Amino acid sequence: MTDQEDSVLAIPKLGPVIAIDGPAGTGKSTATRRLADALGFVHIDTGALYRAIAYLVLEQMPENPNGASHFNDEETATRIARSVHLEFRRNPSKNPANRIFANGRDLTDFIRTPEVSRVSSRVSAYPPVRAALLGLQRRLGCAGKAILEGRDIGTVIFPDADVKFFLSASPDERAKRRLIELEAAGADAPSFEEVKAQIIERDRSDSTRAIAPLKKAADAIEINTSSMTLDEVVLTMVKLSHGKL
């Protein structure tokens, strides 16, 4: 553990914290929102923080159809991560109600594209970017009654979380879900095989990176959501959370 991680972990928790980790497409974000509503907890979407940085990076890149695929600009990503003001605000009149703002601008509707996903995976592997966001994530969660989702919450950000979940699902099922999301958003949807390939590559990148790789915490409860409905996933998590809290 680095000195910085030690100092961040010194920030005391003022109430219970639930950590939810897992790869994209497992139903993690939706399940987290539903669980937060059921328990009356605040939902802190850490993945959205990195996606917001990725979106801002892409805005500064010259027009290039292969830009996202070949992105490798740690300096720009670090500069943005250190200077931008990120915050979550709730707007019940919008879907989702939990909105991510960067310097006062709502980016929520723009951070779920395949391009942002690819750049986000690389941005989140840069040590200076992670360092810039590490303290923010810890401070947001330490207020208590908070649920944080991401890829290293239970292992790095909140190894002391009161409840830890790790959601998983097969690549095929995750690709199906991603296509449904893209079509529902009116976005140009790639083929099933393209989406599946992107998911497999994202998993490889996230799980093999040197800094805070995607990894199930030893004390996390794993839930395979492949053959479960969203209601079943949320009900299971609510029961298990009540049992531990």
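Which links in Lys215/Lys244; Lys176/Lys216; Lys94/Lys176; Lys164/Lys215 stretch past 20 Å when you go from one Cα to the other?
Details: Lys215/Lys244 22 Å; Lys176/Lys216 23 Å; Lys94/Lys176 25 Å; Lys164/Lys215 12 Å.
Long pairs (Cα-Cα over 20 Å): Lys215/Lys244; Lys176/Lys216; Lys94/Lys176.
Shape verdict for the stretch 110-173, please, from the Cα gyration tensor: rounded (a/c under 1.5), prolate (a/b greater than b/c) or oblate. Here the stretch 110-173 falls in the oblate category. Here, the stretch 52-131 has an Rg and a Dmax of 12.9, 37 Å when only alpha carbons are counted. A quarter of the convex hull surface defined by the alpha-carbon atoms of the stretch 83-213 gives 9.0 nm² as the mean projection.
Here the Gaussian network model covers the chain, with springs between Cα atoms less than 10 Å apart; of Lys176, Lys28, Lys216, Lys176 fluctuates the most.
Gyration tensor over the Cα atoms of the stretch 10-111: the corresponding equivalent ellipsoid has semi-axes (square roots of 5 times the eigenvalues, largest first) of 27, 16, 15 Å.
Its residue count N fixes a reference of 2.2 N^0.38 Å for the stretch 190-245, and the Cα radius of gyration divided by that reference is 1.50. Taking the centroid of alpha carbons for each part, the stretch 110-156 and the stretch 10-47 are 12 Å apart. Below 19 Å, Cα to Cα, which aspartates and glutamates can Lys196 reach? Residues fewer than 8 away in the same chain don't count. Correct list for Lys196: Glu115, Asp172, Glu173, Glu181, Glu183, Asp188, Asp206. When a 1.4 Å probe is rolled over the protein heavy atoms, the share of accessible surface on the chain that falls to carbon and sulfur comes to 52 percent. Taking every alpha-carbon pair under 8 Å whose residues sit at least 6 apart, the chain reaches a relative contact order of 33 percent. Can you tell me which of Thr30, Thr108, Thr229 moves the most in a GNM of the chain? Springs connect C-alpha atoms under 10 Å apart. Result: Thr229 has the largest fluctuation of those listed.
For the chain, the orientation-averaged shadow of the C-alpha convex hull comes to 12.7 nm² (one quarter of the hull surface). Mean-square fluctuations from a GNM of the chain, with a 10 angstrom spring cutoff on Cα atoms, peak among Arg122, Arg177, Arg89 at Arg89. Taking every alpha-carbon pair in the stretch 141-245 and binning the separations at 10 Å intervals from zero gives 13, 36, 35, 15, 1 percent.
Rolling a 1.4 Å probe over the protein heavy atoms gives the chain an accessible area of 48 Å² per residue.
The values are calculated or read from the model by the stated rules, or taken from the named source; none is laboratory data. These numbers come from a predicted model, not from an experiment. The accessibility values were calculated without ligands, DNA or RNA, using every heavy atom of the protein model including side chains. Shrake-Rupley method; radii C 1.70, N 1.55, O 1.52, S 1.80 Å.
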